[in-house]
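A short worksheet on the structure shown next.
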Amino acid sequence: MKRLNIIMILLMWLATFTASAQKKYSCYGIGFYNQENLFDTCHDEGKRDYDFLPTGSYRWNGLKYTHKLRNMARALADMGTDKLPGVGCAVIGLSEVENNKVLDDLTAQEPLKARGYKYVHIEGPDRRGIDCALLYNPALFKVYNTKLVPYVQELKKDSAFLTRGFLTVSGELAGEHVAFIVCHWPSRAATSFYRESGGRQVKVVKDSLLRNDPKVKIFVMGDMNDDPTNKSMTEALGCKADIDNVDEGDMYNPWYNILAKEGKGTLFYGGSWNLFDQIVMTPNLLNKKGKKDFSTLKYFNHHIFMRDYLIQSEGKYKGAPKRTHAGGVWLDGYSDHLPVVVYLAKEQK
């Protein structure tokens, strides 16, 4: 009898394993990439874009602009192809894009055009003229609503200083309501207070979206100009490093341990890596305590996207991201930041 019970248990386990193995899943890539000054060669009225004119300090001409477009389109099209060859990311947040024209020119590049990428962009108040945008594949993501939520200065003395807002895009991915908040928080020329303020304001936007629909799955992404370990992320935005510690009202930050434990980052400065480029998410995208339920859209992996062509291979900046300019020299590179990607999965019905 005991032997029979053992055999029955083994048969049940085998049946369960076989059923699980036969399940099919759809996978989706979500990315973010700082474009490092994707400017055209023309002046935009009211913007301080003079460095990126043919007569400007970078001698920004048609040749450099077309090379920049080609390079960025190559990297953007490659993002997500580690797990999704030939498909890439469904959605990619961008920072440091000048206007609709550069986005028209970018999405007209063959590797992006071939997949039909579209974009969302709302002109913002940044005096340099750089904005955030969202690239998306309309075969995978359907846009419902878009809004640029302004960054509001908390201190009266700063009321005249205008900076980048929070591009908020909601829509449908894998048949579910999702939302993306694309950010580019104040630079480190300003104190931590201003990035913490950005974190507090984004949390308000996120909470508002959840009040309207408690089931909406939200991603906050961007160049935060802070590491995952900084107060703007851990306290102001309420990000946690470990999935099982993420409670209602928190967000999960998969990049914390990449920096803190592995020492990896997305930009190299002063001899060490920072990880300013992050994608964080609400708890309804998580499987906690070892659970593996993908009946709805869930997070399952992430990485800093890396290709040899994105890295400087020689000279003073060897090993750092291959940027467009360095030391007054045009490098014909990509960006001073590396891209990041998270992957989602959902069981096919």
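Structural remarks
- Of all residues making up segment 76-85, the number that are surrounded by 24 or more Cβ atoms within 10 Å (Cβ to Cβ) and either of a type in the set (A, V, I, L, M, F, W, C) or at pLDDT below 95 (or both): 1
Residues checked against (1) of a type outside the set (Val, Ile, Thr); (2) surrounded by 15 or more Cβ atoms within 10 Å (Cβ to Cβ):
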site: Tyr33; (1), (2): yes, yes
site: Glu45; (1), (2): yes, no
site: Phe52; (1), (2): yes, yes
site: Trp60; (1), (2): yes, yes
site: Lys68; (1), (2): yes, yes
site: Val87; (1), (2): no, yes
site: Val97; (1), (2): no, yes
site: Asn100; (1), (2): yes, no
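- Failed condition for Val120, given (1) touching a residue at least 60 places away in the same chain (Cβ under 8 Å); (2) part of a strand (DSSP E or B): (1)
- Within segment 303-318, the set of residues being open to solvent by 40 Å² or more (accessible area, probe 1.4 Å), in a loop (DSSP other than H, G, I, E, B) and modelled with pLDDT of 95 or more comprises Met306, Arg307.
- Pair list, Cβ under 6 Å, 6 or more apart: segment 287-312 residue touching a residue at least 40 places away in the same chain (Cβ under 8 Å) and charged (D, E, K, R), other residue assigned to a loop (DSSP other than H, G, I, E, B) and surrounded by fewer than 17 Cβ atoms within 10 Å (Cβ to Cβ): Lys298/Asn287
The values are calculated or read from the model by the stated rules, or taken from the named source; none is laboratory data. Given the structure is predicted, the values throughout are model-derived calculations rather than measurements. Every residue, glycine among them, receives a Cβ derived from its backbone with ideal geometry; neighbour counts consider all protein chains shown. These area figures cover heavy atoms from the full protein model, side chains too; ligands, DNA and RNA do not enter into them. Shrake-Rupley method; radii C 1.70, N 1.55, O 1.52, S 1.80 Å.
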